[in-house]
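The values are calculated or read from the model by the stated rules, or taken from the named source; none is laboratory data. These figures come from a predicted structure and were not determined experimentally. Don't worry about glycine lacking a Cβ; one is built from the backbone with ideal geometry, like all the others, and counts go over all protein chains shown. Quick note on the areas: whole protein, heavy atoms, side chains included, nothing else; ligands and nucleic acids left out. Shrake-Rupley method; radii C 1.70, N 1.55, O 1.52, S 1.80 Å.
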Amino acid sequence: MKINSRILAGTSASVVLLAGLGSPAHADTAALGTAPTNAATTALSSDWRKTRSAIGVDRKLEAEIDRILSGMSLRQKVGQMTQAEIKLITPEEVRTYYIGSVLNGGGSWPGKDKHASVAAWVALADAYYSASMSTDMAVKVPIIWGTDAVHGHSNVYRATIFPHNIGLGAARDPALIREIAAATAKAVRATGIDWVFAPAVPAVQNARWGRTYESYSNDPALVKAYSSAYVKGLQQRFGADSAIASVKHFLGDGGTHNGTDQGLTIASQRELVRTHAQGYYGAIGAGAQTVMVSYNSWKDADTGIDHGKMHGNRMLLTDVLKNRIGFDGFLISDWNAIEQVPGCTKASCPQSINAGIDMIMVPDDWKAFIDNTTKQVEAGEIPMSRIDDAVRRILRVKLRAGMFDGVAPSGHVGAGQLTGVQHRELARRAVRESLVLLKNERAALPIRRGTRVLVVGKSANSVPNQSGGWSLTWQGDETTNADYPDANTILAGIEAAAGKDNVVFAEKPERIDPASFDVAIAVIGETPYAETKGDLAPPKTLTHTQRYPEDLAALQALSVAGKPVVTIFVSGRPVYANDLLNLSHAFVAAWLPGTEGKGVADVLFADPTGRAEYDFRGRLSFPWPGTPCGASFSAAAMAAEPPLFPGGYGLSYARQKATATLPVSTAQACDSK
Ligand code: BGC
Ligand code: BGC
């Protein structure tokens, strides 16, 4: 704590800290023009508690930071604060501009090659690293590369893709999360990468949001337990196999009105703490070293004050996160997000830096950003003390993570090995654990091996569909099974479990007579999407059939035969599906399982005596809507429109329950709220 105040001394933030929390100490904020002036009247709630990081302050390391910093020029400091996209910066430019970081965005690969090999990733990492180590700086500062390894190292060809967070939430197994994070760290290190833009820790409050699947749960306690486990697994104690975590997106990303991506979250400070900040308490307590700032805006429900975009919110970024909670790592902005702050552009935003952002993700316009920021410091628009604080934090993280060890990315154990990015058994186990059984009538499940199985549906034989967004590409589209040579589809798992000769697959069941089979399995659901594009804005309903009528048609075609129908439902969110539930004897919510589709069949099949090797153990990580417009998980909304199944619901072979025929609403539109 002592050292922290010393580090902050000289920044106006420390004035707030020393002036006493909750006092009207924001006058300087208003003077800098970094936040709406009315923020000056907002006192910090006493609900914001300090947290103790597992990584303590190290005086020797702090002295080392002082030494490095004292030899740096302004341009070198601004370079450290700049993160560019690998498509748009060469190693030579990294050297010339003293760049502190690069990222590869969703669907960005070395040489723009979707099938880039693990060796190609390492070669590019080496090139950036040696560029950063051959500048004319007094002390050379190694570059840090960040990537969205949000469900395994999911931008990398042949890497294992784990279930998305929504499925992991259903598994309710923090130890599993820790193992997945450790495997992910190994995977990124195998490609020469140091830093992972995960865990995402929104406690999503509305299923309309297209990023619902990036959330472990709407339950903040589960999010907190998982974020802590993830950071422990990923960062470990910064050994050879660890990577740096970035907890995202701070703050309130999962609470926007109507679930609109990058929208407005209206909440009291108390609600921010209790609902939206729990993942940060978990992660920062476990030692998370970086936090990514969110695109959303925040309006205080108590005062009615609109604090605007988080990227300009000095109160939450500096006064709360850094000073009150005590986070001493660095803040990274989101992709071009600074341009959304009033008065800013993609290449200029003193407001964000003054608000407390330390490293700026400026994927394309990084050159102009460096020029502008340098001039803004020279003109006094950004205090030099703020720049020094930002660079200190970046150096602190790089030092703590062992990046100054003098070893190039290719020199680390496991670098360049394909095995490092493949963790198939672990992912298959995660798939098994994430499945939630919502209905099981007529003992449709388990299916005895040796029976004749008909498989239908657009997602039975589709790795893209079962993987969702952030899989090789940003939206998870523009890929086929051929892009995933090591993956197993859900169909492949069924064939392996049932015996290939016992299985017939027809994506559309039209020309097949289901009566000639013992059981039919329909693998249906949503097709891939990611941020923004995946939103279901009102007046859209949550009714699955409205968006995917072919899925209802498939179940209708099967049901005429009177044989048991098992639905495997692949989706990134809970949806309204009463019609599909009625047509299914068994219904399994499989979420977005990723590349190890065999984990599904592991739980579906039994030996000829009827004994299944694995039981269902997943429990809904979110409430499941009971009405077409029942998208919100707020207590008030759920009281008005109760969910069909509450969070935590899930059957198993051991625990059965009859499901009545459900009413089917044909509502075509929802009111805009
Ligand atoms: C997303 C982040 C992601 C970043 C880099 C943004 O659009 O919101 O979650 O880490 O892009 O790809
Ligand atoms: C990038 C993503 C990024 C998104 C933001 C995409 O082009 O690939 O990483 O999150 O843009 O808009």
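Key figures
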read-out: Gyration tensor over alpha-carbon atoms, segment 228-360, equivalent ellipsoid semi-axes in Å; value: 24, 18, 13
read-out: Ser130 versus Leu74: modelled label distance in nm, points set 7 Å from Cα along the beta carbon direction; value: 3.4
read-out: Among the listed pairs Lys60/Lys224; Lys248/Lys322; Lys299/Lys375; Lys87/Lys140; Lys77/Lys140; Lys50/Lys248, those beyond 21 Å (Cα-Cα); value: Lys60/Lys224; Lys299/Lys375; Lys87/Lys140
read-out: Per residue accessible area of segment 336-383, 1.4 Å probe, in Å²; value: 33
read-out: Residue list for segment 176-201, given a label point 7 angstrom along the Cα-to-Cβ vector of Ser117 and an amide N cut-off under 19 Å; value: 187-193
read-out: Pairs of Cα atoms farther than 14 Å apart, segment 450-504, %; value: 54
read-out: Over segment 258-298 - Rg/Rh using Cα atoms and the Kirkwood inverse-distance radius; value: 1.01
read-out: Cα-based equivalent ellipsoid of segment 557-673: semi-axis lengths in Å, sorted from largest, via gyration tensor; value: 28, 17, 14
read-out: Alpha-carbon gyration tensor eigenvalues x 5, square-rooted, for segment 423-640, Å; value: 26, 20, 17
read-out: Value of Rg to Rh for segment 289-354 (Rh from inverse mean 1/r over Cα pairs, i.e. Kirkwood); value: 0.97
read-out: In Å², nearest 10: area of Arg75 left accessible to a 1.4 Å probe; value: 90
read-out: Two-site FRET efficiency, Lys140 against Lys673, from Cβ-Cβ distance with R₀ of 60 Å, rounded to 0.05; value: 0.65
read-out: Alpha-carbon Rg/Rh ratio, for segment 354-441, with Rh computed the Kirkwood way; value: 1.24
read-out: Whole-Å distance, taken between Cα centres, linking segment 45-100 and segment 593-629; value: 44
read-out: Exposure of Asp486 as accessible area (Å², to 10), given a probe of 1.4 Å and all protein chains; value: 40
read-out: Approximate spin-label separation Arg59-Ala636, in nm, with each point projected 7 Å along Cα-to-Cβ; value: 5.3
read-out: Scaled radius of gyration (Cα, divided by 2.2 N^0.38 Å) that segment 146-216 gives; value: 1.11
read-out: For segment 228-268, the fraction of alpha-carbon pairs in successive 10 Å shells from zero, as %; value: 27, 31, 23, 18, 2
read-out: Antiparallel DSSP beta bridges within the chain, percent to nearest 5; value: 20
read-out: Spatially proximal aspartates and glutamates relative to Lys346 (Cα-Cα < 18 Å; intrachain offsets below 8 disregarded); value: Glu85, Asp334, Asp358, Asp364, Asp365, Asp371, Glu381
read-out: Solvent-accessible ranking of Ser70, Ser516, largest area first, probe 1.4 Å; value: Ser70, Ser516
read-out: Ala443-Lys508 pseudo-label distance in nm [points 7 Å out on the Cα-to-Cβ vector]; value: 3.7
read-out: Net length gained if the chain between Ser46 and Thr345 were fully extended (0.36 nm per residue, minus Cα distance); value: 104.2 nm
read-out: Segment 77-184 - Kirkwood radius from inverse mean 1/r over Cα pairs (Å); value: 15.3
read-out: Segment 471-545 - Debye-derived log10 I(q)/I(0), Cα point model, q = 0.13 Å⁻¹; value: -0.63
read-out: Segment 394-546 - accessible surface per residue (Å², probe 1.4 Å); value: 37
read-out: Rounded tilt (10° steps) of 384-400 against the dominant C-alpha axis of the chain; value: 50
read-out: Carbon/sulfur fraction of accessible area - the chain, other protein chains in place, 1.4 Å, %; value: 53
read-out: P(r) of segment 195-305 over all Cα-Cα pairs, binned every 10 Å from zero, in whole percent; value: 17, 47, 28, 7, 1
read-out: On Cα atoms only, tilt of 366-378 relative to the major axis of the chain in degrees; value: 40
read-out: Dmax and Rg, reported as Rg then Dmax, of the chain (C-alpha, Å); value: 25.4, 80
